[in-house]
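The values are calculated or read from the model by the stated rules, or taken from the named source; none is laboratory data. All of these numbers come straight from a predicted model, not from anything done at the bench. Neighbour counts run over all protein chains shown; Cβ positions are idealised from the backbone, glycine included. Quick note on the areas: whole protein, heavy atoms, side chains included, nothing else; ligands and nucleic acids left out. Shrake-Rupley method; radii C 1.70, N 1.55, O 1.52, S 1.80 Å.
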Amino acid sequence: MIDSTVVDLSRLQFAITALYHFLFVPLTLGLVWLLAIMETVYVMTGREIWKRMTQFWGVLFGINFAMGVATGITMEFQFGTNWAYYAHYVGDIFGTPLAIEGLMAFFLESTFVGLFFFGWDRLSKVGHLVVTWLVALGSNLSALWILIANAWMQYPVGARFNFRTMRMEVESFTDVLFNPVAQAKFVHTVSAGYVVGAMFVLSISAWYLLRGRNVALAKRSLTVAASFGLASALSVVVLGDESGYTVSENQKMKLAAIEAMWHTEEPPAAFTIFGFPDVAERTTHLAVRIPYVMGLIGTHSIDRAMPGIEELVHEAEHRIDRGIAAYAALQKLRANPDDHDAALSFEANSDDLGYGLLLLRRVDDPTKATREDIAAAAASTIPNVPVLFWSFRLMVACGFYFIALFGAAFWLASRRQLGDHRWFLRLALYSLPLPWVASELGWIVAEYGRQPWAIEGILPTALGVSSVSRVQIATSLAGFVFFYTVLAIVDVALLRKYIKRGPDGLGLWRQKTGALPGAAAAAGDD
Amino acid sequence: MGAALHAFFDYPTLRAIWWLLMGVVLIGFAITDGFDLGAGALVRVLGRDDDERRTIIETFEPVWEGNQVWFILGGGAVFAAWPLLYAASFSGFYFAILLVLLALIVRPVALNFRNKHDDPRWKAAWDGLLAFSGVVPSLIFGVAIGNLFLGVPLRYDDTLRMTYEGGLVGLLRPFPLLVGLVSLAMLVVHGATWIALKADEVIAARARALAAKLAPLYALLYIGAGLWLLYGITGFRIDGRVVTDGPSNPLLKQASTGGTWLANSVLGTWACVAAAVAIVAALATPLLARRGAALAAFVTSSLMIAGTVLSAGFALFPFLMPSSLDPRMSLTVWDASSSQFTLGLMLAMTLLFLPIVIAYTSWVFHVMRGRVSLEHVRRTPSSY
């Protein structure tokens, strides 16, 4: 049987490294477009200040980009080091988008990012602008392919099990590519990244304005961030809704858990805005509910029902029964590939094989499972309701707050009153961590909400682990925690140093003019 | 798109093509990222003061990021085309892979952070990490390849779950360690050749002198490893009829140990040709560099890498990862791949995108052409 300590440690390590990686990725995704916009203005107007903006934010982008690249390699490696059975079981499908990501996107962004920094003097204005846009395109395409891979974990379309190779194999790559979950996730995730990028520029510019430093540069940056941020914040919420709709189609349990919807309700279901989900009692205490809203979000209709957790557990029991039949047929087929009856039985039940595999955490042979085992396995399909319930609500609250904040910034910017309201600048400054909080919560809702599945309905997470020892994982986990903590400290220290030094103190762009540092600072700003 | 190629090539052909493509990506990685790994290891060996060290770093700083994608692509391609090999090697070589990972995480950070704080100790620390991150992967890649020739302690149960009965220390056997040294020497020669091509003449001269010492050493180590392989190591072979178009399940064949790798491999002759190319190219490299043909020297140094990688691949063929516990469970080209459809699709994608990648990578190298002069480095702060 699978060692559950190994499973827990592997999951913890994956979660920590993924959440850490996801601190840097959204900022890269958003900031790169802001660089592209600023440089475009520079090329169109020829005004030096826009070039300096691009270069200043570019330095901060570079620090963050290095961390994103470094921690991203961990993710690709970890499927092999710690999730070897997962890699074998779904590599035929899951590996393809990762490889295409490398070929089509990561090469593009990484090859040109060097020229972004080193090419200012070697390329024409337009040539350098093209390079910046290619970096932006590459990093966003990279997100697309990663999310196509991730969407397949949430909604595994276009594949079937091959008993001769004991793994899932591609049937239709078109289905994998045009997975509706992938599209919703992509737009939602990159928009969230744009909000992170916009907030980064907004907050730091607000800090300069509060200090009265780099005023001209900070005001322009703030204006760009406000418009870009407002559009992105709106897009996150609208397309988050689209994402909710696609989730309701294929991950009913995840949605029911997010809503702490213990029982199926008469359509259209109410949305619980507040409450304390109680897992033991399967009820939500002190629930404050808004009628109709959930049904509208989840089904985009007023007459389609959304199943509750109890009903879904009941359904899971039936699927486990069919999964046991599929498992039994699979055993016969492996002993005798020409067994016609077994082939028919497997064909009829193979969609639920994954549910049969859920039993492997309790028994060595699913065909010998008792009703209690089956009931326990069915109950294990419920994710952690309170965590999902609260993560989702905090994320959504952040989302609406961003619309308000960027809306206010946009309004002030369009009335040219950005510098006049110190309370607003302080608010913008202190809001800096929030989009990161929202992004991490989004990851938790999507991935922790997928449990107990690695591949929804196909492969239980516990089965995906490598056959490595507890000591090996404990060592690597401790190593990651230590090493990542040191890196985080250095990263934040450098960002602070460069922000504090500011565009006026950096001196990157003075070399060519040959002007004295003081003269350049005086002439260039304010 | 993929469907067309999957219909056009039969399964054995696609597997053979993907085996070659894995070699292409590995060679692409070793040539491009190889020079910055090697040069990174030499920053403090060849650079006597901070300006000189920055000069060496600036020879590869604008391009290393793209170079490293060859490695990421290698990981992705092995995952997609050889999922069994990806799962077995990454989990089996657990700590070795994590050490490589540690090195690869340190690199981008070291390069970006090094010049952001003016303290000699800060810079020395990052330079040290840069050297570590150049030496360790070079060594480990060789050690891993060396272990493949001896077989690794892996076995499968009948659900194809792999267990690996060994650890990091088990990898450090004499023959693999020798191969590790071959790999390290090779990439350091390559790094020195790159510095000779791109750095200020003062530093380039030192790099040439170093390459002149290390290239013969590499050849010596490589020949030693080759002789050891010929006379001291038992090969693996597939018994009975070799099924090349069967399902990817390593439990369906018979295999055993016996004879030598070169005699067993149908590509044994090719392995010898590749080895000859590697040795001649290695010895030609310092000679060309001394005559001022720095670019030609870099080409022969690249040939040395291609020859070395190919000789190992040819000698192992058709084995990918032999099992020392039960030769029957070894992974081979014929039973460790993705489905025919996936191989066809991935081939279409590679044929479409790889030429584009090579085209724009060449353009970026062209933009960054010329030597990085000490004078330029003294005049300008770091661009990062």
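So, of the residues in the range B:370-381 that are part of a loop (DSSP other than H, G, I, E, B) and within 9 Å of chain A (Cβ to nearest Cβ), which turns out to be least open to solvent (accessible area, probe 1.4 Å)?
Residues of the range B:370-381 that are part of a loop (DSSP other than H, G, I, E, B), as a first pass: B:370-371, B:373, B:380-381.
When the remaining residues are screened for being within 9 Å of chain A (Cβ to nearest Cβ), the result is B:380-381.
Numbers: B:T380: 30, B:P381: 53 Å².
The extreme case among them is B:T380.
Having 1 or more residues that are modelled with pLDDT under 95, surrounded by fewer than 22 Cβ atoms within 10 Å (Cβ to Cβ) and of a type in the set (A, V, I, L, M) is the bar; report the helices (runs of 4 or more DSSP H) wholly within the range A:38-150 that clear it. Walk me through how you get there before you give the answer.
On the way: elements: A:48-81, A:84-100, A:107-118.
It comes to A:48-81.
Take the residues of the range B:113-142 that are open to solvent by 10 Å² or more (accessible area, probe 1.4 Å) and under 15 Å from the mean Cα position of the chain (by Cα): which is nearest to B:F317 (Cα to Cα)?
To start, the set of residues in the range B:113-142 that are open to solvent by 10 Å² or more (accessible area, probe 1.4 Å) comprises B:115, B:117-126, B:128-129, B:131-132, B:135-136, B:139-141.
Still in the running and under 15 Å from the mean Cα position of the chain (by Cα): B:135-136, B:139-141.
On the way: B:V135: 28, B:V136: 27, B:L139: 23, B:I140: 21, B:F141: 18 Å.
Within the range B:113-142, the match that is nearest to B:F317 (Cα to Cα) is B:F141.
Looking at A:T71, A:T132, which is the one that is farther than 24 Å from B:M349 by Cα, in contact with a helix residue (DSSP H, G or I) (Cβ under 6 Å, 6 or more places away or on another chain) and more than 8 Å from chain B (Cβ to nearest Cβ)? I'd like the intermediate steps shown before the answer.
On the way: A:T71 fails: more than 8 Å from chain B (Cβ to nearest Cβ).
Exactly one of A:T71, A:T132 is farther than 24 Å from B:M349 by Cα, in contact with a helix residue (DSSP H, G or I) (Cβ under 6 Å, 6 or more places away or on another chain) and more than 8 Å from chain B (Cβ to nearest Cβ), namely A:T132.
List pairs: first residue in the range A:281-294 and open to solvent by less than 50 Å² (accessible area, probe 1.4 Å), second residue among the polar types (S, T, N, Q) anywhere in the structure, Cβ distance under 6 angstrom, at least six positions apart or on different chains.
A:A287/A:T272
Check B:L325, B:L288 and return the single one that is within 14 Å of chain A (Cβ to nearest Cβ), of a type outside the set (V, I, T), farther than 29 Å from A:E171 by Cβ and surrounded by fewer than 24 Cβ atoms within 10 Å (Cβ to Cβ). Walk me through it before giving the result.
Working: B:L288 fails: within 14 Å of chain A (Cβ to nearest Cβ).
Step by step, each of B:L325, B:L288 is checked, and only B:L325 is within 14 Å of chain A (Cβ to nearest Cβ), of a type outside the set (V, I, T), farther than 29 Å from A:E171 by Cβ and surrounded by fewer than 24 Cβ atoms within 10 Å (Cβ to Cβ).
Do you know which residues across the range A:348-372 are of a type outside the set (K, R) and surrounded by fewer than 18 Cβ atoms within 10 Å (Cβ to Cβ)? Steps first, answer last, please.
Looking only at the range A:348-372, we keep the residues that are of a type outside the set (K, R), and these are A:348-360, A:363-367, A:369-370, A:372.
Hits for the range A:348-372 are A:A348, A:D351, A:V363, A:D364, A:D365, A:T367, A:T370, A:E372.
Somewhere in the range A:300-310, is a residue open to solvent by 40 Å² or more (accessible area, probe 1.4 Å), in contact (Cβ under 8 Å) with a residue 60 or more places away in the chain and not in a loop (DSSP other than H, G, I, E, B)?
So in the range A:300-310, the residues open to solvent by 40 Å² or more (accessible area, probe 1.4 Å) come out as A:300, A:302-305, A:310.
This time we only want the ones that are in contact (Cβ under 8 Å) with a residue 60 or more places away in the chain, so: none.
Scanning the range A:300-310 turns up no residue that is open to solvent by 40 Å² or more (accessible area, probe 1.4 Å), in contact (Cβ under 8 Å) with a residue 60 or more places away in the chain and not in a loop (DSSP other than H, G, I, E, B).
Here are some conditions: (1) touching a helix residue (DSSP H, G or I) at 6+ places or on another chain (Cβ under 6 Å); (2) among the small types (G, A, S); (3) more than 8 Å from chain A (Cβ to nearest Cβ); (4) more than 23 Å from A:G114 (Cα to Cα). B:A77 meets all but one. Which one does it not meet?
The one condition B:A77 does not meet is (3).
From the list A:V468, A:V387, A:V437, A:V445, pick out the single residue that is touching a helix residue (DSSP H, G or I) at 6+ places or on another chain (Cβ under 7 Å), surrounded by fewer than 16 Cβ atoms within 10 Å (Cβ to Cβ) and either within 30 Å of A:A206 (Cβ to Cβ) or not polar (S, T, N, Q) (or both).
Unique residue meeting the criteria: A:V437.
Is it the case that some residue within the range B:332-348 is part of a helix (DSSP H, G or I), open to solvent by 10 Å² or more (accessible area, probe 1.4 Å), within 13 Å of chain A (Cβ to nearest Cβ) and farther than 28 Å from B:K253 by Cβ?
Checked against the condition, which is being part of a helix (DSSP H, G or I), open to solvent by 10 Å² or more (accessible area, probe 1.4 Å), within 13 Å of chain A (Cβ to nearest Cβ) and farther than 28 Å from B:K253 by Cβ, the range B:332-348 yields at least one hit.
If only one of B:F95, B:F90 is surrounded by fewer than 24 Cβ atoms within 10 Å (Cβ to Cβ), more than 23 Å from B:Y11 (Cβ to Cβ) and at the interface with chain A (Cβ under 8 Å from one of its Cβ atoms), which one is it? Please lay out each step first, then the result.
Numbers: B:F90 fails: surrounded by fewer than 24 Cβ atoms within 10 Å (Cβ to Cβ).
After ruling out the rest, the residue left standing is B:F95.
I'd like to check something: does the range A:475-484 contain any residue that is assigned to a helix (DSSP H, G or I), modelled with pLDDT of 95 or more, of a type in the set (S, T, N, Q) and open to solvent by 60 Å² or more (accessible area, probe 1.4 Å)?
Scanning the range A:475-484 turns up at least one residue that is assigned to a helix (DSSP H, G or I), modelled with pLDDT of 95 or more, of a type in the set (S, T, N, Q) and open to solvent by 60 Å² or more (accessible area, probe 1.4 Å).
Does B:V100 count as touching a Pro at 6+ places or on another chain (Cβ under 6 Å) and on the phi < 0 side of the Ramachandran plot?
Working: touching a Pro at 6+ places or on another chain (Cβ under 6 Å): yes; on the phi < 0 side of the Ramachandran plot: yes.
Against the criterion (touching a Pro at 6+ places or on another chain (Cβ under 6 Å) and on the phi < 0 side of the Ramachandran plot), B:V100 qualifies.
So which residues in the range B:154-174 are farther than 23 Å from A:R167 by Cα and within 14 Å of another protein chain (Cβ to nearest Cβ)? Spell out the reasoning first.
At the first step, the residues of the range B:154-174 found to be farther than 23 Å from A:R167 by Cα are B:165-174.
The answer is B:E165, B:G166, B:G167, B:L168, B:V169, B:G170, B:L171.
Regarding the range B:215-223, can at least one residue be identified that is surrounded by fewer than 22 Cβ atoms within 10 Å (Cβ to Cβ), farther than 21 Å from B:P176 by Cβ and under 24 Å from the mean Cα position of the chain (by Cα)?
So far as the range B:215-223 goes, yes, one or more of its residues are surrounded by fewer than 22 Cβ atoms within 10 Å (Cβ to Cβ), farther than 21 Å from B:P176 by Cβ and under 24 Å from the mean Cα position of the chain (by Cα).
Exactly one condition in (1) at the interface with chain A (Cβ under 8 Å from one of its Cβ atoms); (2) touching a helix residue (DSSP H, G or I) at 6+ places or on another chain (Cβ under 6 Å) is false for B:R54; which is it?
Of (1) at the interface with chain A (Cβ under 8 Å from one of its Cβ atoms); (2) touching a helix residue (DSSP H, G or I) at 6+ places or on another chain (Cβ under 6 Å), only one is false for B:R54: (1).
Conditions (1) within 27 Å of the chain's Cα centre (by Cα); (2) not hydrophobic (A, V, I, L, M, F, W, C), marked per residue:
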| position | (1), (2) |
| --- | --- |
| A:V445 | yes, no |
| A:R450 | yes, yes |
| A:W453 | yes, no |
| A:V468 | no, no |
| A:I473 | yes, no |
| A:G505 | no, yes |
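Consider A:L123 carefully, then state whether it is at the interface with chain B (Cβ under 9 Å from one of its Cβ atoms) and without any contact (Cβ under 8 Å) to a residue 12 or more places away in the chain. Show your work before the answer.
Values: at the interface with chain B (Cβ under 9 Å from one of its Cβ atoms): yes; without any contact (Cβ under 8 Å) to a residue 12 or more places away in the chain: yes.
So A:L123 fits the description; yes.
State which residue is most open to solvent (accessible area, probe 1.4 Å) when the search covers only the range A:220-271 and only residues that are at pLDDT below 85 and of a type in the set (S, T, Y).
A:Y245
Would you say B:L101 is at the interface with chain A (Cβ under 10 Å from one of its Cβ atoms), in contact with a helix residue (DSSP H, G or I) (Cβ under 8 Å, 6 or more places away or on another chain), under 18 Å from B:G38 (Cα atoms) and open to solvent by less than 20 Å² (accessible area, probe 1.4 Å)? Walk me through it before giving the result.
Details: at the interface with chain A (Cβ under 10 Å from one of its Cβ atoms): yes; in contact with a helix residue (DSSP H, G or I) (Cβ under 8 Å, 6 or more places away or on another chain): yes; under 18 Å from B:G38 (Cα atoms): yes; open to solvent by less than 20 Å² (accessible area, probe 1.4 Å): yes.
Yes.
For A:V113, are the conditions met, namely being touching a residue at least 40 places away in the same chain (Cβ under 8 Å), in contact with a Pro (Cβ under 6 Å, 6 or more places away or on another chain) and at the interface with chain B (Cβ under 7 Å from one of its Cβ atoms)?
Details: touching a residue at least 40 places away in the same chain (Cβ under 8 Å): yes; in contact with a Pro (Cβ under 6 Å, 6 or more places away or on another chain): no; at the interface with chain B (Cβ under 7 Å from one of its Cβ atoms): yes.
No; evaluated as a whole, the condition is false for this residue.
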